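First up is the structure itself, then whatever we jot down about it.
The values are calculated or read from the model by the stated rules, or taken from the named source; none is laboratory data. Here the structure is a predicted model, which is why all the values come from computation and not from measurement. Note that each Cβ is placed from the backbone with ideal geometry, even for glycine, and that neighbours are counted across all protein chains shown. Calculation scope for accessible area: heavy atoms of the full protein, side chains included, ligands and nucleic acids excluded. Shrake-Rupley method; radii C 1.70, N 1.55, O 1.52, S 1.80 Å.
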Amino acid sequence: MRTDEKALEERLRSLAHVDDPVVVRQALEGIRAEDLAEGFQRIDVDESLHVLQRLDEETAADILVELPTENARRLINELPDATVAHYLDILPMDDALELREELDPERFEALLHVIPREDALEIRRLLSYPEESAGQLMTEDFLAVGPDDSMLDVLERIRTTPEEEYETVNTIFVLDEHRHLLGLLSLKHVLRTPPMELVRTVMKEDVITVRTDTPEEEAARTLAHYGFAAVPVLDDRGRMVGILTADDAQEILEEAETEDVLALGAVTGDAEPYLSLGTLSLVKRRLPWLLVLFVAEFLTGFVLRRYTSLAEEGGRTTLAQLMLFVPLLIGAGGNAGSQVTTTIIRALALGEVGTRDAVLIWRREMVVALAIGATLGTVGFGRALMWGSDWRVSTVVGLSLPAIILWATFVASALPLVAKRLNLDPAVMSAPFIATFVDATGMIIFFEIARRITPF
């Protein structure tokens, strides 16, 4: 049964004032590490440290594994080596590599001498691959057999090998003596094939693979595209060195999609649970883009001052009528741009379109923008007349809306594609950035149309 969150939080807070390790351990005995980790997210860092330091190394390490990375990072440097070493030993390899960034290099190296030698060697091998690559994300614990093994041999290997030896036995990989990948077969095929049948007769030879230097997000999308449980990872010599599993791929894609969603809202930073972020972290994530957008808004003010000055020089008052429609026009342009950029960025992230599809995208979006602009322009013209504006001001509004929406659509579809072409994250072209840019340029379109129809 799931532990009551509120009661657990109160218990942890009270234990933060208890110095006796025996009392702390008995109070938390039988509570799952996942539930304890959730409780630790709701108490202060100092309280978490006090409790963790009084738990046995194994329990403390199990809790750390379940904590969000941001929370664990705040605690690691204050915990004893025995706890951190156990934590490092049970961490998934890709997370173990990230731990190196939080520890002093000498301490991390010392911890590698404490954990089992085989795990330490695997960590060193994975560190040799590029950062955020399939090589650093993969696991080396996969089941490999030879082409001349029988189904009976394969089953015997599975039965006699310790459970923790392999990440999965559902997919079995066939390698030659030089560890080149020849094919694969599923456990289902092994069970359904006569015991003395050889692997080479039933294996699937057309295998999708990725390389150790393939970017992790690209590798994860390859696995997701084909619906595999695992995809083989090959080194630069074509030898199989590991597998990327579906759960790791899912985590990578979830993080990438979360970061894209945050970027669309002009929030920077990695994907971390909200409660794991401190006040300073939230400020750092939000302030940079807000400063950029704040400066960009100066352009909007400059445009307004420019056309206001022209009206004052001419001694005309039509500008007052036109100004009534500025919020309507820039709002429509900004909203249209935000819709387009969100749609395009999502399609780029999922691999549904690429820069090669730029012309197709623009053609489709321009047709959509024309239809929407014409509709809104007609409504805007009628609304202006209903507000008592003369026919010239109403005409300006009716023509400006389609023009601004066409411009917003072009900008919002072009900038993410340009970013993609420059190998930048398209999400940096966030909806707030597009809206801010379209606000200023849209007003230029509006006032230039107005100057040609009705003097002001």
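Inside region 122-141, can you point out the residues that are basic (K, R) and out of contact with any Leu (no Cβ under 9 Å at 6 or more places or on another chain)?
Within region 122-141, R125 is the sole residue that qualifies.
Yes or no: F437 surrounded by 18 or more Cβ atoms within 10 Å (Cβ to Cβ), in contact (Cβ under 8 Å) with a residue 60 or more places away in the chain and over 13 Å from L322 (Cα atoms)?
So F437 fits the description; yes.
Looking only at residues that are assigned to a loop (DSSP other than H, G, I, E, B) and of a type in the set (D, E) in region 112-156, which one is nearest to T209 (Cα to Cα)?
Start the filter on region 112-156 by keeping residues that are assigned to a loop (DSSP other than H, G, I, E, B), which leaves 113-116, 128-132, 138, 140-143, 146-149.
Going one step further and asking which of them are of a type in the set (D, E), we end up with 131-132, 140-141, 148-149.
Details: E131: 19, E132: 17, E140: 15, D141: 17, D148: 22, D149: 23 Å.
Here the residue is E140.
Using the structure shown, decide if V18 is outside any helix (DSSP H, G or I) and either surrounded by fewer than 16 Cβ atoms within 10 Å (Cβ to Cβ) or of a type outside the set (D, E, K, R) (or both).
Yes: the conditions hold for V18.
For V114, state whether it is crowded, with 17+ Cβ neighbours inside 10 Å and out of contact with any strand residue (DSSP E or B) (no Cβ under 7 Å at 6 or more places or on another chain).
It is false that V114 is crowded, with 17+ Cβ neighbours inside 10 Å and out of contact with any strand residue (DSSP E or B) (no Cβ under 7 Å at 6 or more places or on another chain).
Pick out the one residue from M93, M138 that is in contact with a strand residue (DSSP E or B) (Cβ under 8 Å, 6 or more places away or on another chain), under 30 Å from V51 (Cα atoms) and among the aliphatic types (A, V, I, L, M).
Result of the check over M93, M138: M93.
Suppose we filter L360, L385, L415, L424 for residues that are under 26 Å from R221 (Cβ atoms), of a type outside the set (S, T, N, Q), open to solvent by 70 Å² or more (accessible area, probe 1.4 Å) and not in a loop (DSSP other than H, G, I, E, B); which single one remains?
It is L360.
Considering only residues that are in a helix (DSSP H, G or I), crowded, with 19+ Cβ neighbours inside 10 Å and of a type outside the set (D, E), which ones fall in region 216-245?
Across region 216-245, the qualifying residues are A219, A220, T222, L223.
I need the full set of residues from region 360-397 which are farther than 22 Å from E448 by Cα and among the acidic types (D, E), in order please.
Result: E365, single match.
Can you tell me which condition R13 does not meet? The list is (1) open to solvent by less than 50 Å² (accessible area, probe 1.4 Å); (2) part of a helix (DSSP H, G or I); (3) farther than 20 Å from E98 by Cα, and all the others hold.
Only one criterion is unmet by R13, namely (1).
Residue check: is L191 of a type outside the set (D, E, K, R), in contact with a Ser or Thr (Cβ under 8 Å, 6 or more places away or on another chain) and at pLDDT 90 or above? Quick ask: steps written out before the conclusion?
Numbers: of a type outside the set (D, E, K, R): yes; in contact with a Ser or Thr (Cβ under 8 Å, 6 or more places away or on another chain): no; at pLDDT 90 or above: yes.
Criteria not met by L191.
Determine if region 89-104 includes at least one residue that is among the charged types (D, E, K, R) and either open to solvent by less than 30 Å² (accessible area, probe 1.4 Å) or in contact with a Pro (Cβ under 9 Å, 6 or more places away or on another chain) (or both).
yes
For R200, are the conditions met, namely being touching a strand residue (DSSP E or B) at 6+ places or on another chain (Cβ under 9 Å) and not in a strand (DSSP E or B)?
Details: touching a strand residue (DSSP E or B) at 6+ places or on another chain (Cβ under 9 Å): yes; not in a strand (DSSP E or B): yes.
Considered against the rule, which asks whether it is touching a strand residue (DSSP E or B) at 6+ places or on another chain (Cβ under 9 Å) and not in a strand (DSSP E or B), R200 comes out as yes.
Return yes when V202 is open to solvent by less than 30 Å² (accessible area, probe 1.4 Å) and either small (G, A, S) or at pLDDT 90 or above (or both) and no when it is not.
When the stated conditions are applied, V202 does not pass them.
I'm checking my understanding of the structure. Among residues of region 1-10 that are assigned to a helix (DSSP H, G or I) and out of contact with any helix residue (DSSP H, G or I) (no Cβ under 8 Å at 6 or more places or on another chain), which one is surrounded by the most Cβ atoms within 10 Å (Cβ to Cβ)?
Applying the filter and picking the extreme gives E10.
Give the residues of region 363-377 that are farther than 23 Å from L348 by Cβ and either touching a residue at least 60 places away in the same chain (Cβ under 8 Å) or surrounded by 14 or more Cβ atoms within 10 Å (Cβ to Cβ) (or both), sorted by residue number. Break it down stepwise before answering.
Pass one, region 363-377, residues farther than 23 Å from L348 by Cβ: 370-371, 373-377.
Across region 363-377, the qualifying residues are L370, G373, A374, L376, G377.
Could you please give the count of residues in region 33-64 that are under 28 Å from the mean Cα position of the chain (by Cα), open to solvent by 50 Å² or more (accessible area, probe 1.4 Å) and under 18 Å from L111 (Cα atoms)?
So the answer is 1.
Since L121 meets every condition but one in (1) under 15 Å from M240 (Cα atoms); (2) aliphatic (A, V, I, L, M); (3) surrounded by fewer than 13 Cβ atoms within 10 Å (Cβ to Cβ), which condition does it not meet?
(1)
Anything in region 69-88 that is over 11 Å from D119 (Cα atoms) and open to solvent by less than 10 Å² (accessible area, probe 1.4 Å)? List them, or say none.
Passing the criteria: A72, L75, I76, L79, T83, V84, A85.
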